[in-house]
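The values are calculated or read from the model by the stated rules, or taken from the named source; none is laboratory data. The shown structure was predicted, so the numbers you read here are calculated from the model rather than taken from an experiment. Ideal geometry is used to build each Cβ from the backbone, glycine not excepted, and the neighbour counts take in all protein chains shown.
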């Protein structure tokens with residue numbers, strides 16, 4: 001399978017990779033190209049921007065939850081049929097958790113044969129860009145660094161000096177030079193970049209980013225470099241999904257939107273139909289056999305969530321009656337008695353006998369490893385599960401001692417030792433799962449819902 005493809009990487013985080021990737025994705029799509037998009041690591045927000053820019057979905061590639069072979073097959077299956085595949089790195093090109101670089105962006109580039117386009121934040125830099133690029137090329141000769149995009153350029157004179165330094169001291173192509181521009185500033189806050197749906201006219205914002213980046217970057221040169229990527233093995237054909245026999249309601253709105261697209265696809269493959277609802281507008285849950293509350297920013301919409309008392313009462317009544325439910329992070333907060341975010345306070349569903357309180361610093365951040373306890377409603381006994389967490393919230397004023405479905409081996413979870421509060425037929429925790437070969441959690445949850453329906 002020959003798919004033109006490239007990796008947008010950088011020397012360090014906050015170099016502007018996501019804005020550049022969003023602009024390139026949109027500019028290439030506006031050319032009429034079918035763009036497959038990917039993001040390395042456990043990220044929800046960057047893929048929202050990039051996927052929206054392509055008019056499709058952006059998938060995550062993560063060494064923490066996927067084996068190398070699984071990443072290869074997964075990438076090939078999602079890139080198949082596209083004109084070009086764009087992968088955005090996380091942090092710097094050579095950064096990762098493992099000191100040997102086995103989970104780095106560079107390792108991903110080698111695994112998938114991705115030509116690397118380095119985005120360099122050129123603020124305060126001219127000739128100094130040359131030894132930086134030389135070092136990155138020399139550090140691992142197996143990584144194909146094919147070109148560089150000069151970002152946050154100060155003006156024409158600055159650009160000329162940077163181009164001269166790159167040309168004089170390296171053999172890299174300057175694929176583009178993106179000058180500082182207010183239209184490229186995406187707001188940031190505690191969990192990273194804001195989500196597209198919160199920027200107001202986000203489609204207009206993406207079009208502006210596409211215009212700026214698409215004009216500043218030589219798209220023909222970029223496609224030429226992407227086209228030099230080697231062949232990939234053809235992925236096996238995907239089996240046809242079964243006819244759905246259960247329905248699962250899923251919160252999809254401004255407060256809840258942290259879902260891996262392949263996890264949602266896994267529900268269909270397991271025989272479940274997903275029905276979305278809005279936690280701030282709908283008075284009751286849609287007819288369903290189970291409930292899935294993903295992560296998001298409920299703390300930013302406390303007033304609207306609290307105001308929809310009818311839905312909160314309906315959810316509490318149904319969960320207490322035994323409706324199977326799974327909640328992650330923001331979903332856990334929504335099921336608590338209340339959410340407090342500074343001066344903002346409001347009652348929530350109340351199935352979890354505790355208050356979710358936002359703190360100024362992360363309470364749990366990074367990769368987490370857990371094992372399921374016998375109290376997990378749909379356990380994977382004896383298996384160590386790799387996941388991630390990123391939450392500023394802490395459960396406080398816990399009135400009833402929780403029953404936990406997970407033991408934390410690494411990370412924080414709910415209390416530093418446990419995660420996954422089990423109550424009624426609900427599991428609610430801070431860690432975010434990814435349905436993979438090693439942990440097909442979606443199939444286990446769907447099977448739990450199906451067995452409950454049969455009873």
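Kindly evaluate residue 294 against the criterion of being within 25 Å of residue 377 (Cα to Cα) and surrounded by fewer than 18 Cβ atoms within 10 Å (Cβ to Cβ). Criteria not met by residue 294. Taken over region 138-189, the criterion of being assigned to a loop (DSSP other than H, G, I, E, B) and more than 25 Å from residue 106 (Cβ to Cβ) is satisfied by 154, 155, 180, 181, 185, 186, 187. Over 28 Å from residue 136 (Cα atoms), buried (at least 21 other Cβ atoms within 10 Å of the Cβ) and in contact with a strand residue (DSSP E or B) (Cβ under 8 Å, 6 or more places away or on another chain), is that true of residue 56? Taking the combined requirement at face value, the residue does not satisfy it. List pairs: first in region 374-395 and free of Cβ contacts under 8 Å to residues at least 24 places away in the same chain and not assigned by TED's automatic domain parsing to the domain that holds residue 323, second surrounded by fewer than 22 Cβ atoms within 10 Å (Cβ to Cβ) and part of a strand (DSSP E or B), Cβ under 6 Å, 6+ apart or cross-chain? Cβ pairs passing all conditions: none. Does residue 111 satisfy being within 24 Å of residue 233 (Cβ to Cβ) and without any contact (Cβ under 8 Å) to a residue 60 or more places away in the chain? Yes: the conditions hold for residue 111. Counting the residues of region 57-89 that are more than 15 Å from residue 4 (Cβ to Cβ), without any contact (Cβ under 8 Å) to a residue 60 or more places away in the chain and assigned to a loop (DSSP other than H, G, I, E, B) gives 1. Just wondering, is there one or more residues in region 271-281 that are in contact with a strand residue (DSSP E or B) (Cβ under 6 Å, 6 or more places away or on another chain), assigned by TED's automatic domain parsing to the domain that holds residue 433, outside any strand (DSSP E or B) and over 30 Å from residue 114 (Cα atoms)? Looking through region 271-281, at least one residue is in contact with a strand residue (DSSP E or B) (Cβ under 6 Å, 6 or more places away or on another chain), assigned by TED's automatic domain parsing to the domain that holds residue 433, outside any strand (DSSP E or B) and over 30 Å from residue 114 (Cα atoms). Residue-level check: of (1) more than 22 Å from the chain's Cα centre (by Cα); (2) surrounded by 19 or more Cβ atoms within 10 Å (Cβ to Cβ); (3) over 18 Å from residue 59 (Cβ atoms), residue 251 misses just (1). At least 2 residues being over 25 Å from residue 263 (Cβ atoms) and in contact with a helix residue (DSSP H, G or I) (Cβ under 6 Å, 6 or more places away or on another chain) is the threshold, and among the strands (runs of 3 or more DSSP E) wholly inside region 309-404 those reaching it are 344-347.
For residue 420, the conditions (1) part of a loop (DSSP other than H, G, I, E, B); (2) crowded, with 19+ Cβ neighbours inside 10 Å all hold with the exception of (1).
All of 110, 91 fail the test of being assigned by TED's automatic domain parsing to the domain that holds residue 143 and surrounded by 18 or more Cβ atoms within 10 Å (Cβ to Cβ), apart from 91. Note on region 333-347: among residues that are buried (at least 24 other Cβ atoms within 10 Å of the Cβ) and under 15 Å from residue 397 (Cα atoms), the one that is nearest to the chain's Cα centre (by Cα) is 333.
To keep it simple, each residue is scored yes or no on (1) under 23 Å from residue 43 (Cβ atoms); (2) surrounded by fewer than 20 Cβ atoms within 10 Å (Cβ to Cβ).
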residue: 298; (1), (2): yes, no
residue: 306; (1), (2): no, yes
residue: 310; (1), (2): no, yes
residue: 317; (1), (2): no, yes
residue: 322; (1), (2): no, yes
residue: 325; (1), (2): no, no
residue: 328; (1), (2): yes, no
residue: 353; (1), (2): no, yes
